[in-house]
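The values are calculated or read from the model by the stated rules, or taken from the named source; none is laboratory data. Please read all numbers here as calculations on a predicted model, not as lab measurements. Please note: Cβ atoms are built from the backbone with ideal geometry, for glycine as well, and neighbour counts cover all protein chains shown.
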Amino acid sequence: MIRQVPSPGIRRAGILGLGAVALSLRLAGLGQPQAIVFDETYYVPFALDYLNGTPGFDAHPPLGKYLIAAGIWLGQWATAWLGWPPVAVAGAWVSPLAFRWLNAVVGATIPLLLAALAYDLSPGYPPQRRRSFALLAGGLMAMEGLTLVESRLALINIYGLGLGLLGQWAWVRARRSPWAWRWRWLAGMALGAAINVKWNWAGLWLGLLLWELSPGQPSTPKAQPSAPAGPLAWGRRLAYLGGIPLATYLILWLPHLALTGESLLGVHRQIWSAHQTIGQTASHAYCSPWYSWPLLVRPVAYFFERTEGTATTIHALGNPVLWWLGTAATLALGLGWLSRRVTGEQTPAAVSFVLINYLSNWLPWALVGRCTFFYHALGIATFSVLGLAWLMAQWWQQPRDRPLALVLLGAIALSFWFWLPLYLGLPLAPESLQQRWLLPGWI
């Protein structure tokens, strides 16, 4: 009996369905709480300053605030027409929907980008294995709690992650495209833009660069005769992964510099100086060291409100079961890599991609002496999910191992459902909220 392969239309429907679920989770109750939450107290006024033509100093590059400002400008008319109530922000009245909706849309693309990245990281594997890997990567990412919370508030981390993943996917996609140069241009621009959101998103650029230069990474699969043949020349690599990101990063500074009259060197000196002093004089209650992030020890409370009989909180907490399984999967892939090094076997490209990017977005934080926070772990969360999806897709193809994949998928879904009120800011009875604090550091 011949197994029928799903048509491209059915596959696209699955991806679109995944995107619709991700977007719904991010848009549901987006106007609540009707207040400025956590670091919105900085980023929304910064964005309004750009709209007013009077930007002030921020310790991060400007692109994230440009995008929040664009969301406010595009969303203010719709929110006024629909009668959504505004809040007072820096002397202006703005609806929370106006400054959050673009974050929600960008955040909803992240599961889709991870699914696309997974698919293009696994050429040469059977189509069913590639589809399983892609759908599991996207589906698991849609159930990741930290990215969900960051997508529902006017914060800037989600823009860096989204742009960085776009750049990585475009670069990997170029390997099997007859229009490779277009994809590489897109990759370079997206990676430069990600760094212009926050400097720490250079980890996505570094991870891609190290993976591209690692041994055993052919520029083009042999199965794609229409794609450019042979390895990419060093000069072109330097242009695509050096010159284009740098030029994009610098160009995105121009509107800010034109408004403030500052010099590019001067503003970078200010930012560097600010990062040397942040968190040095006083310890924040939610500081967490980099080495604790894989164990989900100290998430961050973004909002808490208690009324008679209920408590409402927004907690930047990863999906616990997914987080711990992702950490275990990354460790297992690392041990497998060491084993292959001993035996001389070649490591699959997707596995080396996961490991290199996990470490590139994690280990540099060991050099940071100031206070760091759990939301800085967004990068390692993404690649641990990708690593777990790789293993689960492998198990899914084996009838004897498929029950294990199903059990893990069910446990992750139940965990997501149980902690969902903390991601969406839904009211709970105090005793129900107390049940969700598994570790002392979560409160």
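Only residues that are surrounded by fewer than 20 Cβ atoms within 10 Å (Cβ to Cβ), part of a helix (DSSP H, G or I) and touching a residue at least 12 places away in the same chain (Cβ under 8 Å) were counted in the stretch 50-74, giving 4.
Is it the case that some residue within the stretch 359-377 is touching a strand residue (DSSP E or B) at 6+ places or on another chain (Cβ under 6 Å), surrounded by fewer than 19 Cβ atoms within 10 Å (Cβ to Cβ) and under 16 Å from Leu146 (Cβ atoms)?
Within the stretch 359-377, one or more residues are touching a strand residue (DSSP E or B) at 6+ places or on another chain (Cβ under 6 Å), surrounded by fewer than 19 Cβ atoms within 10 Å (Cβ to Cβ) and under 16 Å from Leu146 (Cβ atoms).
One residue stands out among those in the stretch 354-373 that are among the aromatic types (Phe, Trp, Tyr) and in contact with a Gly (Cβ under 8 Å, 6 or more places away or on another chain): the one that is nearest to Val172 (Cα to Cα), which is Tyr358. Please verify whether the stretch 264-271 includes one or more residues that are assigned to a loop (DSSP other than H, G, I, E, B) and β-branched (Val, Ile, Thr). No. In the condition set (1) closer than 18 Å to Ser151 by Cα; (2) surrounded by fewer than 20 Cβ atoms within 10 Å (Cβ to Cβ), Glu308 is compliant with all but (1).
If you check Ala227 against the conditions, is it at pLDDT below 95, part of a loop (DSSP other than H, G, I, E, B) and small (Gly, Ala, Ser)? Explain how you work it out, then say what you get.
Values: at pLDDT below 95: yes; part of a loop (DSSP other than H, G, I, E, B): yes; small (Gly, Ala, Ser): yes.
The answer is yes for Ala227.
Picking from residues in the stretch 397-426 that are among the aromatic types (Phe, Trp, Tyr) and out of contact with any Phe, Trp or Tyr (no Cβ under 9 Å at 6 or more places or on another chain), the one that is nearest to Tyr125 (Cα to Cα) is Trp417.
For the stretch 252-291, the set of residues classified as over 22 Å from Asn52 (Cβ atoms), touching a Phe, Trp or Tyr at 6+ places or on another chain (Cβ under 8 Å) and at pLDDT 95 or above consists of Leu264, Trp290, listed by residue number.
Using beta carbons and a limit of 6 Å, which pairs, at least six apart or on different chains, have the first residue in the stretch 298-325 and modelled with pLDDT of 95 or more and the second one β-branched (Val, Ile, Thr) and part of a helix (DSSP H, G or I)? Final answer for the pair search is Ala316/Val149; Val321/Ile412; Leu322/Ile412.
Conditions (1) polar (S, T, N, Q); (2) on the phi < 0 side of the Ramachandran plot; (3) crowded, with 24+ Cβ neighbours inside 10 Å, marked per residue:
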position: Leu112; (1), (2), (3): no, yes, no
position: Ala115; (1), (2), (3): no, yes, yes
position: Ala118; (1), (2), (3): no, yes, yes
position: Ser122; (1), (2), (3): yes, yes, no
position: Met141; (1), (2), (3): no, yes, yes
position: Glu144; (1), (2), (3): no, yes, yes
position: Ile158; (1), (2), (3): no, yes, yes
position: Gly164; (1), (2), (3): no, yes, yes
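Kindly provide the set of residues from the stretch 419-440 that are more than 16 Å from Trp324 (Cα to Cα) and assigned to a helix (DSSP H, G or I), ordered by number. Scanning the stretch 419-440 gives Leu420, Pro421, Leu422, Tyr423, Leu424, Pro430, Glu431, Ser432, Leu433, Gln434, Gln435, Pro440.
Residue selection: Ala429 satisfies the criterion of being over 30 Å from Pro126 (Cα atoms), among the small types (Gly, Ala, Ser) and touching a residue at least 12 places away in the same chain (Cβ under 8 Å). Residues in the stretch 426-442 that are under 24 Å from the mean Cα position of the chain (by Cα) and within 12 Å of Leu317 (Cα to Cα): Gly441, Trp442.
Among the residues of the stretch 146-153, is there at least one that is among the charged types (D, E, K, R), at pLDDT 95 or above and over 30 Å from Leu422 (Cα atoms)? Working first, answer last.
Initially, the stretch 146-153 is screened for residues among the charged types (D, E, K, R), giving 150, 152.
From the residues that got through so far, the ones that are at pLDDT 95 or above too are 150, 152.
Among the residues that remain, those that are also over 30 Å from Leu422 (Cα atoms) are: none.
For the stretch 146-153, residues among the charged types (D, E, K, R), at pLDDT 95 or above and over 30 Å from Leu422 (Cα atoms): absent.
For the list (1) surrounded by 13 or more Cβ atoms within 10 Å (Cβ to Cβ); (2) in contact (Cβ under 8 Å) with a residue 12 or more places away in the chain, I need the number of the one condition that His268 fails. Tallying (1) surrounded by 13 or more Cβ atoms within 10 Å (Cβ to Cβ); (2) in contact (Cβ under 8 Å) with a residue 12 or more places away in the chain, His268 fails exactly one: (2).
Taking the criterion of being within 18 Å of Trp169 (Cα to Cα) and of a type in the set (Gly, Ala, Ser), the residues of the stretch 340-353 that qualify are Ala349, Ala350, Ser352.
Please work out which residue is surrounded by the fewest Cβ atoms within 10 Å (Cβ to Cβ), limiting yourself to the stretch 80-103 and to residues that are within 30 Å of the chain's Cα centre (by Cα) and of a type in the set (Gly, Ala, Ser). Of everything passing the filter in the stretch 80-103, Ala88 is surrounded by the fewest Cβ atoms within 10 Å (Cβ to Cβ). Scanning the stretch 75-91 for residues that are at pLDDT 90 or above and either among the aliphatic types (A, V, I, L, M) or part of a strand (DSSP E or B) (or both) yields Val87, Ala88, Val89.
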